[in-house]
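Visitor: Structure below; questions to follow.
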Amino acid sequence: QVQLVESGGGLVQAGGSRRLSCAASASIFGINNMGWYRQAPGKQRELVAVITSSSRINYADSVKGRFSISRDNAKNTVYLQMNGLKPEDTGVYYCYVDSRGFTYWGQGTQVTVSS
C-alpha cells in the first residue's frame with residue numbers, strides 16, 4: 001500500500017522552529033521530486049519547497065533563508081526544517097513525492113504559529 005506519513009506539526013510561538021518529516025512507504029521507488037506544500041485558511045495551496053533526486057532545491061520566496069528542505073533516499077523520507085516561524089506560516093503542510101509519473105500526497109499536518 002502506498003503511503004506517506006507526516007509528522008512534526010504542532011503549535012509554536014513566533015520566532016520558533018519546527019521540523020516536519022514525511023516518510024514514504026517502501027513500495028514507492030524511483031522517486032524523483034519530493035517536497036512540501038501548505039494551505040492557509042481561505043487560501044490556495046502553495047508550494048513551499050521542493051528537492052529533486054539530484055538535490056536541486058527551490059523555495060518559495062516567502063520562506064527563503066528560514067526553511068530548509070532535505071531528503072534521505074535510503075529512508076524514502078523528506079524533511080522540512082522551519083526556523084524563524086511567523087504567524088503567516090500557519091497552515092496545513094502537505095508533503096508529496098513524484099514517482100514514475102505519479103504524485104503521492106501525505107495526509108497533511110497542521111502548523112500553527114502564535115504571535
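The values are calculated or read from the model by the stated rules, or taken from the named source; none is laboratory data. Just so it is clear, the model here is predicted, and its values are computed rather than measured. Counting neighbours? That spans all protein chains shown, and the Cβs are built from the backbone with ideal geometry, glycine included.
Visitor: Looking at residue 96, is it surrounded by 18 or more Cβ atoms within 10 Å (Cβ to Cβ) and in contact with a Lys or Arg (Cβ under 9 Å, 6 or more places away or on another chain)?
Guide: On the way: surrounded by 18 or more Cβ atoms within 10 Å (Cβ to Cβ): yes; in contact with a Lys or Arg (Cβ under 9 Å, 6 or more places away or on another chain): no.
No, not satisfied.
Visitor: Being in a strand (DSSP E or B) and touching a Ser or Thr at 6+ places or on another chain (Cβ under 7 Å) is the filter; apply it to the range 25-39 and report the residue that is modelled with the lowest pLDDT.
Guide: Only one residue tops the list, namely 31.
Visitor: Sticking with this structure for a sec: Within the group 14, 23, which residue is closer than 14 Å to residue 71 by Cα and in contact with a helix residue (DSSP H, G or I) (Cβ under 9 Å, 6 or more places away or on another chain)?
Guide: It is 23.
Visitor: Looking only at residues in the range 1-57 that are under 10 Å from the mean Cα position of the chain (by Cα) and of a type in the set (Lys, Arg), which one is surrounded by the fewest Cβ atoms within 10 Å (Cβ to Cβ)?
Guide: Here the answer is 19.
Visitor: Would you check which residues across the range 58-81 are surrounded by 14 or more Cβ atoms within 10 Å (Cβ to Cβ), at pLDDT 95 or above and in a loop (DSSP other than H, G, I, E, B) and list them?
Guide: Correct list: 60, 66.
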